[in-house]
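S.K.: Quick one: structure below, then a few questions.
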Amino acid sequence: MKLVTRALTALCAAFAVAPFCAVATAGAASAATSAPAVIAAATTRSLACTQTTPTRNIYRRSVSGTVDGPNNLLSATVIRVATGKTDISSNSPTLNNAFLNGYFLTTYAENTWLIGTVGTGVSSATYYLMLPDTTLPTGTAFNAHIYINFDNGLYGHNQFVMSCSAS
């Protein structure tokens with residue numbers, strides 16, 4: 001048992017995870033039979049964004065959704081402010097930093113999240129939400145972008161600056 005405890009202690013020190021290993025090395029018997037079950041509590045926060053780019057009121061958008069602790073977008077809903085109509089909603093946005101060859105990541109330090117596509121052909125619209133690639137501040141405004149691609153860009157796109165907050 002002492003050998004197992006020493007081996008775990010050495011591994012913990014080598015990989016700089018000593019706080020998590022304290023549980024494993026506390027008792028030789030438990031250290032020999034199971035790995036520590038130390039898991040940080042997941043935090044989910046609400047996201048709210050309002051378009052700040054000047055445009056005709058009919059085109060103004062807002063975004064609501066949720067993010068987790070590491071800044072992953074968990075859900076997003078894009079709404080037209082003037083009508084309250086939902087343009088698109090997704091409970092599984094996908095990180096897609098390859099979009100436009102990583103333009104938003106390299107230019108604005110924003111991760112590109114694919115929300116999804118509605119419609120088909122010339123009437124299709126693909127929605128992306130670009131959020132800072134750092135942990136989103138709680139209670140402090142930050143900028144983001146909403147990008148709408150029409151028929152994969154063949155019929156143009158709209159790009160709007162958003163003012164967002166996470167709580």
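No value in this document is a laboratory result; all are computed from the given coordinates. Given the structure is predicted, the values throughout are model-derived calculations rather than measurements. When we count neighbours, we look across all protein chains shown, and the Cβ atoms used for this are built from the backbone with ideal geometry, even at glycine.
S.K.: Provide the packing ranking of 58-67, 82-91, i.e. peptides ordered by the mean count of other C-beta atoms within 10 Å per residue, highest first.
M.R.: Top to bottom by mean Cβ count within 10 Å: 58-67, 82-91.
S.K.: Which length gain, in nm to one decimal place, applies between residue 48 and residue 150 when the Cα-Cα distance is subtracted from 0.36 nm times their residue separation?
M.R.: Gain in length upon complete extension: 34.3 nm.
S.K.: Here's something else I'd like to know. Any chance you could run the full-extension gain for residue 167 through residue 57? It's 0.36 nm times the residue separation minus the Cα-Cα distance, nm to one decimal.
M.R.: Extending this stretch completely gives an extra 36.9 nm.
S.K.: Please work out the C-alpha center-to-center distance from region 56-75 to region 132-167 and express it in whole Å.
M.R.: Cα centroid to Cα centroid, the span is 7 Å.
S.K.: Another question about this same structure. Given a Förster radius of 22 Å and the C-beta distance between residue 158 and residue 106 as r, what FRET efficiency does 1/(1 + (r/R0)^6) yield to the nearest 0.05?
M.R.: 0.55
S.K.: Highest mean first, what order results for 44-57, 121-134 on Cβ atoms within 10 Å?
M.R.: 121-134, 44-57
S.K.: Looking at region 44-166 from every direction and averaging, what is the projected area of its Cα convex hull in nm²?
M.R.: 7.2 nm²
S.K.: For the pair residue 81/residue 133, report the inter-label distance in nm, with labels modelled 7 Å from Cα in the Cβ direction.
M.R.: 2.9 nm
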